[in-house]
Structures are given as C-alpha cells and as structure tokens.
Amino acid sequence: MTPMKRIFNKGTISVWIGVFIGILYGLVVRLVFNYGKFWEAFAFMTVGFIFFVPVTLGVLTVYFGDCQGRKGWAYKILMPWVSCLVLLLAAFLIGWEGSICILMALPVFLVMSSLGGVFTGLALQATRSRKNTFSVIALFVALPFLSASIEHQLLLPESVRTVETQITINASPHDVWQNIERVRKIEPSEQKFSLFHLLGFPRPVEATLSHEAVGGVRHATFEGGVLFVETINKWAPDRELTFAIKADSKSIPPTTLDEHVTIGGPYFDVLEGSYRIESLNERQVILHLSSKHRLSTRLNFYAGLWTEFIMRDIQKNILEIIKTRCENR
C-alpha cells in the first residue's frame with residue numbers, strides 16, 4: 001500500500017473530511033469577518049473570532065471526523081490542531097494576517113480547538129446519538145457571529161500600559177545624554193538580532209531634534225517609512241528626556257505593519273517615551289527607558305502580554321545600541 005493510500009484509506013477518510021470541514025469553516029468565517037457586509041460588527045479582534053472560532057473548528061473536526069465515536073482522547077485533543085495550523089498557514093500565505101498576529105493567535109487557537117474537540121467527544125458519549133448533538137453543533141457554528149454582534153454594541157475597553165527597561169553603561173552622564181537627545185543614523189553593522197524585527201516590526205534608523213528645550217521636536221524614523229513625531233515635554237540635560245509620541249500614519253506604507261498592530265490605529269498606539277540617566281559615578285550610569293502604549297481591544301488581558309513583550313524587546317535593542325556607542329567613543 002502506497003503512503004497516500006495509507007493516509008486516505010476507508011478508515012481515515014472521515015478524519016480528513018472532519019479536518020476539511022473545520023478548515024473550510026474557518027476560512028468562510030475569516031472571509032465574512034474581513035469582507036462581510038457588516039464588517040464593523042464582525043471584527044477580527046473580538047472574543048467571538050479569537051476564542052469561539054477555534055472552539056467551533058475543533059467541534060467540527062471531531063464531529064465529522066469521528067463518525068463511529070471510536071477515536072481516543074488523543075485524537076479529540078490533537079486532531080483539531082491540524083485544522084488550526086492549516087487555517088493559520090493559509091491566512092498567512094494569503095496575506096490576511098502577519099506573523100505577529102499568527103503568533104499571538106496560535107496558543108489560543110490550539111487550546112480552544114482542543115477544548116472544542118473534547119467537548120464534542122463528551123457530548124457524543126453522553127447522547128449516544130449524532131442527531132441529538134446536531135443542534136448543539138449548529139449553535140457553535142453560529143456562536144462567533146452572535147458573540148461579535150453583541151460585542152459590537154459595546155465600547156472598546158482602553159488600557160494604557162507602561163514598559164520599563166534599563167541598562168548599565170560605562171560612560172559619563174554627559175556622553176550618554178549626547179547619544180539619546182539625538183540618535184545619528186544606525187548603520188546595519190550596529191543592528192543586532194531582535195525578535196521584534198523577526199516578527200515584522202521595523203528597526204530604528206535615527207532620531208533628529210529641532211531644538212534643545214521643552215517643545216523641541218524629535219523625528220524618530222524606523223525602517224519601512226515609519227516615522228514618530230516626538231514632542232519634548234521634559235528636558236533636563238544629563239538627567240532626563242521625556243516626550244509625547246505621535247505616529248505619522250500617513251508616512252507608513254500599508255505593507256509595513258499588520259493592520260491589527262498598526263501604530264496609531266484603532267487597536268494600538270504608542271503614547272510617550274522617557275529616558276532617565278541614573279548616575280552611579282563619573283564613569284558609570286544606569287540608563288532607564290520607559291514607554292507608554294495604548295491597547296483598545298476585547299482582548300487587552302491577553303494582547304497586553306504580547307505588546308509588553310515586544311515593546312520591551314524594542315527598548316532593549318535601543319539601549320544596547322546606545323551602550324555600544326557610549327562605550328566605544
């Protein structure tokens with residue numbers, strides 16, 4: 001028997017039918033949420049999509065894939081992962097989602113799809129009849145749409161989060177200050193591996209300054225045409241530099257960032273940045289870098305874990321560049 005016949009024999013054909021129906025359902029829902037007539041109600045960043053779609057995907061995968069109810073619990077837990085992984089891969093290849101959104105969704109999709117598969121297995125065992133569970137399956141199919149429609153009636157919650165990082169630099173406070181008030185162009189050789197760049201976020205390029213005082217404007221540019229206009233609201237030479245941040249959304253090409261993490265968009269924005277120099281002695285300081293960002297999603301409790309992780313990685317990268325420049329003067 002050839003490998004293909006082993007995979008698609010009579011005993012496994014229902015398994016792949018279940019996977020196919022699960023993937024097809026996920027693709028249809030994603031199309032509706034992205035291009036549907038009522039797209040404002042069916043938003044991607046909702047509990048209805050992120051949590052209930054993978055549950056239903058797991059339900060359908062097991063319901064149609066285990067016709068005889070003979071598959072073990074490993075099947076019910078793990079087989080929905082196949083549907084999830086293929087769906088997310090398709091969304092990435094089609095261009096519906098960027099790598100950061102795929103990474104954020106993956107843990108939730110895997111866990112919730114397994115819960116859907118386990119629930120279906122328990123339901124089939126309890127009723128002993130597929131007909132008796134059909135109405136429950138239909139409810140799960142409609143659940144993402146019902147949930148998203150209800151969520152649409154509610155105001156988006158807003159959360160402002162602060163991320164703080166620091167680094168010890170063997171240089172004077174003045175030398176450090178000269179490397180933070182302005183940032184001369186960062187050469188490719190200075191750039192180091194960073195997770196945020198791997199996920200599609202652009203690297204910093206340079207920061208210019210209009211004049212040295214409160215009210216001065218820094219233009220911080222990043223790769224891909226990303227520009228932040230930073231207005232200084234605290235200016236204490238050799239000690240502290242704080243600025244309000246506004247992303248110049250007109251300068252950011254639509255292909256630079258995933259639409260769901262666009263800076264200054266409906267879901268995410270960076271609000272403020274601050275450098276503080278803590279002097280240990282004449283030749284050593286601790287440089288503190290903090291930032292504030294806004295989250296406006298139904299999933300702030302979960303999305304916040306990712307945004308804080310990414311912002312911390314970005315800040316550590318900037319601090320490392322400053323440290324290297326100060327110590328190699």
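Output the residues belonging to region 124-160 that are assigned to a strand (DSSP E or B) and in contact with a helix residue (DSSP H, G or I) (Cβ under 6 Å, 6 or more places away or on another chain). 159 - this is the single residue of region 124-160 that is assigned to a strand (DSSP E or B) and in contact with a helix residue (DSSP H, G or I) (Cβ under 6 Å, 6 or more places away or on another chain). Among the residues of region 268-298, those that are touching a Ser or Thr at 6+ places or on another chain (Cβ under 9 Å) and of a type in the set (A, V, I, L, M, F, W, C) comprise 268, 270, 271, 280, 285, 286, 287, 289, 295. For region 164-173, state whether one or more residues are buried (at least 16 other Cβ atoms within 10 Å of the Cβ), assigned to a loop (DSSP other than H, G, I, E, B) and in contact (Cβ under 8 Å) with a residue 24 or more places away in the chain. Yes: region 164-173 contains one or more residues that are buried (at least 16 other Cβ atoms within 10 Å of the Cβ), assigned to a loop (DSSP other than H, G, I, E, B) and in contact (Cβ under 8 Å) with a residue 24 or more places away in the chain.
Is it true that residue 212 is under 27 Å from the mean Cα position of the chain (by Cα) and not in a helix (DSSP H, G or I)? The answer is no for residue 212. Checking each residue in region 110-136 for being farther than 17 Å from residue 72 by Cα and modelled with pLDDT of 85 or more picks out 110, 111, 112. Remark: residue 81 matches the filter, which requires a residue to be in the same structural domain as residue 23 (by TED's automatic domain parsing) and either of a type in the set (Asp, Glu) or in contact with a Ser or Thr (Cβ under 8 Å, 6 or more places away or on another chain) (or both).
Residues of region 26-61 that are modelled with pLDDT of 90 or more and of a type in the set (Ser, Thr, Tyr): 56, 61. Picking from residues in region 292-316 that are buried (at least 20 other Cβ atoms within 10 Å of the Cβ) and among the polar types (S, T, N, Q), the one that is nearest to residue 50 (Cα to Cα) is 297.
Listed by first and then second residue, the pairs linking a residue in region 305-327 that is of a type in the set (Val, Ile, Thr) to a residue that is in a helix (DSSP H, G or I), with Cβ atoms under 6 Å apart and 6 or more places separating them unless they lie on different chains, are 310/196; 314/196; 321/190.
Just one of the listed residues (121, 116) is under 31 Å from the mean Cα position of the chain (by Cα), in a helix (DSSP H, G or I), touching a residue at least 40 places away in the same chain (Cβ under 8 Å) and over 30 Å from residue 209 (Cβ atoms), namely 116.
For region 185-209, filtered to residues that are assigned to a loop (DSSP other than H, G, I, E, B) and under 19 Å from residue 245 (Cα atoms), the residue that is farthest from the chain's Cα centre (by Cα) is 203. Only a single item in (1) more than 18 Å from residue 245 (Cα to Cα); (2) not in a helix (DSSP H, G or I) is not met by residue 313, and it is number (2).
Residues in region 89-113 that are over 18 Å from residue 47 (Cβ atoms), free of Cβ contacts under 8 Å to residues at least 60 places away in the same chain and not β-branched (Val, Ile, Thr): 89, 92, 93, 95. The set of residues in region 53-73 being part of a helix (DSSP H, G or I), farther than 10 Å from residue 117 by Cβ and over 26 Å from the mean Cα position of the chain (by Cα) consists of 64 alone.
The values are calculated or read from the model by the stated rules, or taken from the named source; none is laboratory data. Not measured: the values here are computed from a predicted model. Cβ atoms come from the backbone with ideal geometry, glycine included; neighbour counts cover every protein chain shown.
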